[in-house]
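Notes to accompany the following structure.
The values are calculated or read from the model by the stated rules, or taken from the named source; none is laboratory data. This one's a predicted model, so the numbers in the text were calculated from it and none came from an experiment. All Cβ positions, glycine included, derive from the backbone under ideal geometry; neighbour counts span all protein chains shown. Only protein heavy atoms, including side chains, enter the accessible area calculation; ligands, DNA and RNA are left aside. Shrake-Rupley method; radii C 1.70, N 1.55, O 1.52, S 1.80 Å.
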Amino acid sequence: MEKVKELYEGKAKKVYTTDDPELYIVSYKDDATAFDGQKKGTIADKGIVNNTMSNIIFALIEEAGVPTHFVKQLSDRETLVKAVTIFPLEVIIRNVAAGHFSSRYGVDEGTPLARPALEFSYKRDDLGDPLMNDDHVLALGLATEAELATVRKYAHKVNEVMGAFFLDKGLKLIDFKIEFGKLSDGTIILADEVSPDTCRLWDVETNEKMDKDRFRRDLGKVEETYQEVLNRVKK
Ligand code: TMP
Ligand code: ASP
């Protein structure tokens, strides 16, 4: 399958059309941004890590009964995926307080939550991706009630599957962000990526941060950490 035309360039990936309207090719870049693109940099070979890791995890999620866009890895950085229309929502699940949850609600990072908390952000860089509740999503017509119910159900399942998987690799799944899309027939599937860019992962033994917070917060050993996460995921 060949790339035909660049459809979209995001902060971390490019998306291309193919000669099949139902299929796209995504190409992962090494570019890294944080804080709504205010901080910019590159993480060497991040594209390779994120592409490979995402595909391993999407295969696992698919096996667990949540449909995904994953079709076939084409190369180090490129994957054939099902073409979807993305819901303009970041779906975040938090198991342990960190990041914006900690700053917003005044809870120390590392505080376990009584139950997993799902939140939505509106994917609007120009607005700083504002937090939304279900009513806001419905009022703006971003999804229907039935679609939201499916998204919530799938997101919690993804949390269960990934939580157990990462724990087996010596990593605690603190929180993560996923995105869903719709096929032309309306079927909802998991899209975008799952990687150290989109998850917070802490080493079970040391609580060391093994994710993009190393870049966001200038903690050093960024490339090494991405490689280490991939090595563990592959084991
Ligand atoms: P937050 O605490 O900054 O809201 O992040 C929650 C999770 O979502 C964390 O695992 C990082 C991920 N995330 C993204 O994937 N993209 C983003 O733009 C942001 C802000 C967070
Ligand atoms: N990817 C987001 C951005 O650029 C933020 C983040 O992951 O922290 O701005």
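Across the stretch 146-166, not a single residue is classified as aromatic (Phe, Trp, Tyr), under 23 Å from Lys11 (Cβ atoms) and touching a residue at least 60 places away in the same chain (Cβ under 8 Å).
Taken over the stretch 70-89, the residue count meeting the criterion of being within 16 Å of ligand 2 (Cβ to nearest atom) and out of contact with any Phe, Trp or Tyr (no Cβ under 7 Å at 6 or more places or on another chain) is 1. Once the stretch 39-50 is narrowed to residues that are within 16 Å of ligand 1 (Cβ to nearest atom) and in contact with a strand residue (DSSP E or B) (Cβ under 7 Å, 6 or more places away or on another chain), the residue that is farthest from Ser27 (Cα to Cα) is Lys39. Might you let me know whether the stretch 107-120 holds any residue that is in a helix (DSSP H, G or I), within 16 Å of ligand 2 (Cβ to nearest atom) and either over 26 Å from Val204 (Cα atoms) or open to solvent by 30 Å² or more (accessible area, probe 1.4 Å) (or both)? No, the stretch 107-120 contains no residue that is in a helix (DSSP H, G or I), within 16 Å of ligand 2 (Cβ to nearest atom) and either over 26 Å from Val204 (Cα atoms) or open to solvent by 30 Å² or more (accessible area, probe 1.4 Å) (or both).
Of all the residues in the stretch 57-69, those that are in contact with a Phe, Trp or Tyr (Cβ under 9 Å, 6 or more places away or on another chain) and assigned to a helix (DSSP H, G or I) number 6. Scanning the stretch 188-224 for residues that are buried (at least 23 other Cβ atoms within 10 Å of the Cβ), more than 11 Å from ligand 1 (Cβ to nearest atom) and without any contact (Cβ under 8 Å) to a residue 60 or more places away in the chain returns a single hit, Met210. Looking at Gly41, is it within 16 Å of ligand 2 (Cβ to nearest atom), under 25 Å from Tyr226 (Cβ atoms) and under 17 Å from the mean Cα position of the chain (by Cα)? No. Restricting attention to the stretch 125-143, the residues being surrounded by 12 or more Cβ atoms within 10 Å (Cβ to Cβ) and charged (D, E, K, R) number 2.
Among the residues of the stretch 1-24, those that are open to solvent by 80 Å² or more (accessible area, probe 1.4 Å), more than 16 Å from ligand 2 (Cβ to nearest atom) and either in a loop (DSSP other than H, G, I, E, B) or modelled with pLDDT under 95 (or both) comprise Met1, Glu2, Lys3, Val4, Asp19, Pro21, Glu22. Return the residue satisfying two criteria in turn: it lies in the stretch 18-36 and is away from ligand 1 (no atom under 16 Å from the Cβ) and closer than 15 Å to Gly181 by Cβ, and of such residues it is nearest to the chain's Cα centre (by Cα). Here the residue is Tyr24. In the condition set (1) open to solvent by less than 50 Å² (accessible area, probe 1.4 Å); (2) within 16 Å of ligand 2 (Cβ to nearest atom), Asp36 is compliant with all but (1).
One line per residue, one yes/no per condition, for (1) open to solvent by 30 Å² or more (accessible area, probe 1.4 Å); (2) not aromatic (Phe, Trp, Tyr):
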| residue | (1), (2) |
| --- | --- |
| Gln73 | yes, yes |
| Val84 | no, yes |
| Asn95 | yes, yes |
| Tyr105 | yes, no |
| Tyr122 | yes, no |
| Glu145 | yes, yes |
